[in-house]
Amino acid sequence: MTAVVHCPALFLTAPASNQGKTTITAALARYFTNQGKVVRVFKTGPDYLDPQILAQASRQPVEQLDIWMAGEDYCQDMLYQAAQVADLILVEGAMGMFDGEPSSADLAARFGIPMAIVMDVKGMAQTAAAVATGLANFRDDVQVAGLIANRCGSERHAELIRDALPANLPLLAALKRDEDITLPERHLGLVQADEVKDELEVRFDAAIEWLKDTPDTGLLELPKAVPFYPMNPVSINQAFEQRLLGKTIAVAKDAAFSFIYDANLIALKNLGAKVVFFSPLHDSVLPYADALWLPGGYPELHAKALSANTTMCQAIQDFYQSGKGILAECGGMLYSLETLTDLDDNEYPMLGILAGQGAMRGKRGCQGMQTAVMPQGEIRGHAHHRSRSANTPEPVGYGRRQRHPAPGEAIYQQKGLTASYLHLFFPSNLDATAALFLADQQG
C-alpha cells in the first residue's frame, strides 16, 4: 500500500463572507511561493473566480474541494496528490465557518486540517476575541490554529484583541486596513484574473509587505504537518472507462466564457477526449470537434461583440444542426438563446439554437447547489446567475436542490444540445458527462 504523506496545511475560514479570506490566502500563497516553496491551494465549494486569483498567486493549479459536489473520495485523492508534491497546502473556505451542508468545518474536520479564522475586526476589539473563541469551541472535532485579525486599526487595537484571546487561541496576525490590497470585484464576484494580471502582481507584492507588517508572526511560519492518506484500493482517477477516447471536445474560452473548472478539463481528458479551445468573440471558424462545450462566464459584458461575430454564430448553428453534442451552461445557455439583453437594456441577437430570450436583472439572482437530473444520469453542480430567461421550450428535467423541495433550474435538450443555468461538476458522474458529449439522438 502507498504510504501516508505528511504536508503542512492550513484552512482559511471566517465567521461570514467578505472578511478577506481570498486576499489573505493569495498573499500567503505568493509569500511562500517567493520563498521557493511549492504551494497548492484549494477552494471550498463552487467558485470560478477565486481560483483564478489563487492560481496566479501560487503559480500552481487550483481545484475545488467540496464533499457534496465531488464526494469524500475525490477530495481525499486531490489532497493526497497535492501532498506528494507540495511544501504547503492552503484551503480557502466558503461563506462562514459552519455555513452549508457540508460546511467548511466539515471538510477541515474530515481531513484533519487546522483552521485559521479570518475576521474583519473593524468596529470591535474584545468582541472579536469572544467571537473567535466561540467559533473555535463550537465543535470538538475542529482544530483552530488561531485568529487573523483583518482591517486592524492600530497596534493598540491589536493588543486589545490579543490580550482577550485565550492562551490556546493565538493571534496569528493583525493586518492593517489597506484598500490597495483589496481584490477587484464585479457583479458575480471577483474580476477574472486574466483581465487584471498586471494589477494583481502589484497587489500581491503589496500584500506580502502587508503580511510582514504585523508584530504577530505566526501566519508567516509553516503550519504543522498533516497526514494525508491515499485512496484504497485504487485511485479515483483510474476508476472509469474512457468513453470519449478518440473524440475532440472544443471548449469556448475567452473573456466572455471562462467559468471552467480545471477538474472538468481533467475529467474530459481522463475520459479519453482531446480538448481544444476556441473564442466565440474573436475566432471566425470552429476547430474540428466531435462536441462543443459553451461554459458560463460574462456574455452580457460582450453581447454586442458576440452578436457581431456572425461567422462564428453561423458555424455553431451549423454544428447544432449536425446533431453533435453541445453542452451550454449558464452564460453558454444565454448565448444559445435567440436574444440577450445586457445590463444597459440593449438587446442583441444570439445563436438562436434554443428558443427564448435572456435578460440581465441587476442584483437579484439565483444561487445554490443542485443536482442536474437528466435522462443520461445525475450530475452535481450549482447555479449562480443574475439573469432570467423567457419563452424557452419545455424542459426535460429540473435541478434537484440540495435542501429545498422546489424544482431547481430547468434543463433543456434538443438534437444534441443540453442547456441549463446549472454549472456541472463532471467528476461527480463521468458516465453521464460522457453521454452528454456523445448525445446526438435527443429528439
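Read-outs throughout are calculated quantities, based only on the coordinates presented, and are distinct from any laboratory measurement. Keep in mind the model is a prediction, meaning the values are calculated, not measured. Glycine gets a Cβ as well: all are built from the backbone with ideal geometry, and neighbour counts include every protein chain shown.
Return the whole-Å distance between the Cα centroid of the stretch 45-69 and the Cα centroid of the stretch 375-428. Value for the Cα centre distance between the two parts: 23 Å. When you filter the chymotrypsin sites (Phe, Trp or Tyr not before Pro) in the stretch 284-343 for DSSP loop state and at most 15 other Cβ atoms inside 10 Å of their Cβ, you are left with Tyr288. With neighbour counts taken as other beta-carbon atoms within 10 Å, the residues Leu49, Leu54 rank, fewest first, as Leu49, Leu54. Residue-wise HN-Hα couplings along the stretch 144-160, as the Karplus relation 6.51 cos²θ - 1.76 cosθ + 1.60 with θ = phi - 60° gives them from phi, are 10, 7, x, 10, 10, 8, 8, 6, 6, x, 6, 5, 5, 4, 4, 5, 4 Hz; Gly and Pro carry x. Compute the Kirkwood hydrodynamic radius of the stretch 5-228, taking the inverse of the mean of 1/r over all pairs of distinct Cα atoms, and give it in Å to one decimal. That comes to 17.3 Å for the stretch 5-228.
For the stretch 5-228, lysine pairs with C-alpha atoms less than 21 angstrom apart, excluding pairs fewer than eight positions apart on the same chain, total 15.
Mean residue ellipticity at 222 nm from the helices of the chain, using -39,500 (n - 2.57) per DSSP H segment of n ≥ 4 over the full residue count, to the nearest 500 deg cm²/dmol? Helices in the chain give a 222 nm mean residue ellipticity of -8500 deg cm²/dmol. Less than 5 angstrom separates the built amide H of Val396 from those of Ile411, Tyr412, Gln413, all sequence-distant by 5 or more or on a different chain.
Ordered by the number of other Cβ atoms lying within 10 Å of each residue's own Cβ, fewest first, Asp342, Asp73 fall into the sequence Asp73, Asp342. Note on the stretch 240-438: antiparallel DSSP beta bridges, both residues inside, total approximately 60 percent of the bridges counted. The label point for Thr248 and the one for Gln414, both projected 7 Å from the Cα toward the Cβ, are 2.9 nm apart.
For the stretch 231-362, the number of Lys pairs with C-alpha atoms closer than 16 Å, counting only pairs eight or more positions apart or on separate chains, is 5. Across the stretch 329-345, rounded Karplus estimates of 3J(HN,Hα) from the backbone phi angles (6.51 cos²θ - 1.76 cosθ + 1.60, θ = phi - 60°) give 10, 6, x, x, 5, 4, 5, 6, 6, 6, 9, 9, 9, 7, 5, 9, 6 Hz, Gly and Pro being marked x. All distinct Cα pairs of the chain go into the 1/r average, and the inverse of that average, the Kirkwood radius, is 22.9 Å.
Largest mean-square fluctuation among Arg243, Arg403, Arg162, in a Gaussian network model of the chain whose springs join Cα atoms under 10 Å apart, belongs to Arg403.
In square nanometres, what is one fourth of the surface area of the convex hull spanned by the alpha carbons of the stretch 240-438?
10.1 nm²
Given R0 = 56 Å, the distance between the Cβ atoms of Glu347 and Ala225 translates into a calculated FRET efficiency of 0.50. Note that the stretch 406-417 has calculated 3J(HN,Hα) couplings of 5, x, x, 5, 5, 10, 10, 9, 7, 6, x, 7 Hz, one per residue in order, obtained from phi through the Karplus relation 6.51 cos²θ - 1.76 cosθ + 1.60 (θ = phi - 60°); glycine and proline are x. Extending 7 Å from the Cα toward the beta-carbon at both Arg386 and Val131 defines two label points whose distance is 2.4 nm.
One Cα centroid belongs to the stretch 112-129, the other to the stretch 138-180; the line between them spans 5 Å.
Between Leu301, Leu265, Leu211, the Gaussian network model of the chain with springs among Cα atoms under 10 angstrom shows the greatest mean-square fluctuation at Leu301.
DSSP assigns beta bridges within the chain; of those with both partners inside it, close to 45 percent run antiparallel.
Largest GNM mean-square fluctuation across Pro295, Pro114, Pro395, computed for the chain with C-alpha springs under 10 Å, falls on Pro395.
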